[in-house]
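This report concerns only the one structure given below.
The values are calculated or read from the model by the stated rules, or taken from the named source; none is laboratory data. No experiment lies behind these values; they were computed from the predicted model shown. Cβ sites come from the backbone with ideal geometry, for glycine too, and all protein chains shown count toward neighbours.
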Amino acid sequence: MEMKQKAISVKSLQKQIEQLNNRLVQSERINVSGIMLSAIVHDINRALTNILGTAGIRLLEETIDDSVREDFERIKLSAQTCREIINNLISFVKTEFRLTKTDIHKLIDLCVDLCQYQLVSSKIEVVRNYDKNIPLVNISMSDMQHAIINLILNSVDAVSENGKVMISTDYLKKSKKITITVSDNGGGIPRKNIPNIFIQFFTTKSQRMGLGLTIADRIIKKHNGFIDVKSEINKGSSFKITLPI
């Protein structure tokens, strides 16, 4: 009887060792995949930087023909779309998460600056309304930047030329939280689609992967926050981020 129990114990230990070994192998594979992905992204981003730089320089030339200008506009837009897709993919698999005390308004201003090409080319006005009483917020700057940019670009996609994107903040002192609201005066989201907009790969746009809002939602949840969505057809949409300080 004792020998039988020992045999069972040995088998149980062997099974546990095998499970741990499988987890270790899987972890190593993930680590190697992450390193490879980072290297690939670095090389692609370097190539895209060259493309964007060349297109940008040519677009500054006053003597360039209109047809050639349109070609370079398309090249620049396509390169920026590629960069957006790559950055979304790297954020989708990213696990590192470092929090720092951050001026949220400076971060939002940076996000708007990084979206200038899309905003200017579509003649979209950005209106900012900040609550000056907001203290520094403990966030991952790179992650939150990505989330806010994704919400801004989502609004850019939603509005027509000469549209408007509004960004506002509010300090909820009693609950020790802040809100960041990105809204637009676009066509709005059909009610049936609202429950699906944060699901990965859900999109109504043929040239998008459907990861932007998924990643934004995931980043906000990692900060113990949430996103509230309100939308009305032909009037626009509003995405309100609520974060603890």
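Odds and ends about this structure:
- Residue within the range 129-143 that is touching a residue at least 12 places away in the same chain (Cβ under 8 Å), of a type in the set (K, R) and either touching a Cys at 6+ places or on another chain (Cβ under 7 Å) or more than 14 Å from F239 (Cα to Cα) (or both) present: no
- Taking the criterion of being more than 30 Å from D217 (Cα to Cα) and either buried (at least 16 other Cβ atoms within 10 Å of the Cβ) or of a type in the set (K, R) (or both), the residues of the range 49-73 that qualify are I51, A55, R58, R69, F72.
- One residue stands out in the range 84-102 among those that are surrounded by fewer than 17 Cβ atoms within 10 Å (Cβ to Cβ) and of a type in the set (D, E, K, R): the one that is modelled with the lowest pLDDT, namely E96.
- The criterion of at least 1 residues that are buried (at least 16 other Cβ atoms within 10 Å of the Cβ) and touching a Phe, Trp or Tyr at 6+ places or on another chain (Cβ under 9 Å) is met, among strands (runs of 3 or more DSSP E) falling completely within the range 129-199, by 164-172, 177-184.
- Check on N234, modelled with pLDDT of 75 or more, within 18 Å of A158 (Cα to Cα), out of contact with any helix residue (DSSP H, G or I) (no Cβ under 9 Å at 6 or more places or on another chain) and part of a loop (DSSP other than H, G, I, E, B): yes
- Any chance D113 is surrounded by fewer than 10 Cβ atoms within 10 Å (Cβ to Cβ) and at pLDDT 65 or above: yes
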